[in-house]
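This is the structure, below, for whatever I ask next.
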Amino acid sequence: MANSRFEYVRQFETHDTLLPETYIVIRIDGKKFHEFSKYYDFVKPNDERALKLMNACAKNVVLTYRADMILAFGESDEYSFILKSDTNLFNRRSEKLSTLICSLYTSNYVALWPKFFPGVDLNAKHLPYFDSRCVVYPNLKTIKDYLSWRFVDTHINNLYNTAFWQLIQVCGLTAQESENKLAGTVSSEKQEILFTDCSINYNNEPDMFKKGSLITRKGEILHIDVIKQIDTLFEGF
């Protein structure tokens, strides 16, 4: 279409360029993953295969854009990719960053699926797909707070889901009965319910479930207390 009389249509294109000298987070989330996980019979409350698949996909994304990445953090069906404040990747165009990171992640998910779910074929009517967004943060403090927020969210969600599903699987409660039992409880009470009713010490649950997964620029996959190590994680940035 170049140099044709139709080329004028390009003037209708707009580009949302993210603010310079700000940290960029590209967060992807599974779309309708409740239905997806149910169809493929994911283990509840956590399917180790699914989490390791998510981590493998994120690792490939990080290594692909290593020069611009600080780290990535994931839990459940979401992953956050944190880019350096001085990155000029794709000229900081929001739509480019969002769509390319998301599509790269999704293509990895499909390609790596057989490795983590051998013998389970993806159905054309039940394929994995993700949405994504770009958010900018003005300084190091706010980007540290962002990562801390996702880390705390991991703990809160996992503790509830662990208690909820164990009450169903171990104690024989219905979903409604389990929900009612946990309603209004704080973290310590949920842990006590797990210990007393289900004989489960939450402290002994795998760190990947409790703490999420952090991927460094080198591709290391860690399951650590993010808040305790937050300053170390951002040294040099």
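The values are calculated or read from the model by the stated rules, or taken from the named source; none is laboratory data. All values derive from a computational prediction rather than experimental measurement. Cβ atoms come from the backbone with ideal geometry, glycine included; neighbour counts cover every protein chain shown. In case anyone asks, the SASA skips ligands and DNA or RNA and just uses the protein heavy atoms, side chains included. Shrake-Rupley method; radii C 1.70, N 1.55, O 1.52, S 1.80 Å.
In whole percent, how big is the carbon plus sulfur part of the accessible area of the range 31-150, probe 1.4 Å, protein atoms only?
On the way: 3100 of 5790 Å².
C and S fraction of accessible area: 54 percent.
Would you work out the charge dipole size for the range 78-156 about its Cα centre, treating the Cβ of every Lys and Arg as +1 and the Cβ of every Asp and Glu as -1, and quote it to the nearest 20 debye? Spell out each step's value before the answer.
Details: 10 positive and 7 negative charges, 46 e Å.
Once rounded to the nearest 20, the dipole reads 220 debye.
Suppose every K and R has +1 on its Cβ and every D and E has -1 on its Cβ; what is the size of the dipole of the chain about the Cα centre, in Debye to the nearest 20?
Details: 28 positive and 30 negative charges, 148 e Å.
Using Cβ point charges on Lys, Arg, Asp and Glu, the chain gives about 700 debye.
Rounded to the nearest 10 Å², what accessible area does residue 40 show when all protein chains are kept and the probe is 1.4 Å?
The accessible area of residue 40 comes to roughly 20 Å².
Counting alpha carbon pairs within less than 8 Å and at least 6 residues apart, what relative contact order, in whole percent, applies to the chain? Working shown, then result.
Details: 310 pairs, mean separation 65.5, N = 237.
Reported as a whole number, the value is 28 percent.
Still on this structure, please answer the following. Given a 1.4 Å probe and the protein chains all in place, what does the accessible area of residue 15 round to, in Å² to the nearest 10?
Residue 15 has an accessible surface of roughly 100 Å² with all protein chains in place.
Greater than 23 Å separation of Cα atoms is the criterion. Which listed pairs, 181/210; 125/210; 44/115; 59/96; 181/228, meet it?
Details: 181/210 21 Å; 125/210 32 Å; 44/115 20 Å; 59/96 20 Å; 181/228 32 Å.
Going by Cα-Cα distance, 125/210; 181/228 fall outside the 23 Å limit.
Heavy atoms only, 1.4 Å probe, whole protein assembly: order 227, 200, 82 by accessible area, highest first.
Values: 227 80, 200 30, 82 0 Å².
The most accessible residue leads, giving 227, 200, 82.
Taking the full set of protein chains and a 1.4 angstrom probe, give the accessible area of residue 102 in square angstrom, rounded to the nearest 10.
The accessible area comes out at roughly 10 Å².
Now, a different point. How charged is the neighbourhood of residue 136? Take every other residue with its Cβ under 10 Å from the Cβ of residue 136, and add Lys/Arg as +1 and Asp/Glu as -1.
On the way: positive: 92; negative: 21.
Cβ neighbours under 10 Å give a net charge of 0.
If you rank 87, 142 by how much accessible surface each has, with a 1.4 Å probe, what is the order from largest down? Write down the numbers at each step before the final one.
Numbers: 87 5, 142 40 Å².
The most accessible residue leads, giving 142, 87.
State, to one decimal in nm², a quarter of the convex hull surface area for the C-alpha atoms of the chain, i.e. the direction-averaged projected area. If you can, show how the numbers build up before the last one.
Numbers: hull surface 66.2 nm².
That works out to 16.6 nm², a quarter of the Cα hull's surface.
Give, as ranges by residue number, the residues of the range 33-69 whose backbone N falls under 20 Å from the point 7 Å along Cα→Cβ of residue 123.
It comes to 33-44, 47, 50, nothing else.
Using a 1.4 angstrom probe, figure out how much accessible area the range 1-70 has per residue, in square angstrom, rounded to the nearest whole. Don't skip to the answer; put the middle values down first.
Numbers: 4370 Å² over 70 residues.
Roughly 62 Å² per residue, with all protein chains present.
Let me ask something additional. I'd like to check one number: the per residue accessible area of the range 128-197, probe 1.4 Å, reported in Å² as a whole number. Please report the intermediate quantities before stating the final value.
Numbers: 3720 Å² over 70 residues.
Ligands and nucleic acids excluded, the figure is 53 Å² per residue.
Let me ask you something else. How much length would be gained if the chain were fully extended between residue 141 and residue 218, taking 0.36 nm per residue of separation minus their Cα-Cα distance, in nm to one decimal?
Details: separation 77, 0.36 × 77 = 27.72 nm, distance 2.33 nm.
Net length gain for the segment: 25.4 nm.
Given 0.36 nm per residue, what is the gain on full extension from residue 21 to residue 5 after removing their alpha carbon distance, in nm? Mind dumping the intermediate values first?
Working: separation 16, 0.36 × 16 = 5.76 nm, distance 3.91 nm.
Fully extending the segment from residue 21 to residue 5 adds 1.8 nm.
For the pair residue 235 and residue 189, what calculated FRET efficiency results from E = 1/(1 + (r/R0)^6), where r is the Cβ-Cβ distance and R0 = 35 Å, to the nearest 0.05?
On the way: r = 38 Å, r/R0 = 1.07.
Efficiency for this residue pair is about 0.40.
Quick check for me: using +1 on Lys/Arg Cβ and -1 on Asp/Glu Cβ, what's the dipole size of the range 1-54 about its Cα centre, in debye to the nearest 20?
Numbers: 9 positive and 9 negative charges, 44 e Å.
Charge dipole, the range 1-54, about its Cα centre: 220 debye, nearest 20.
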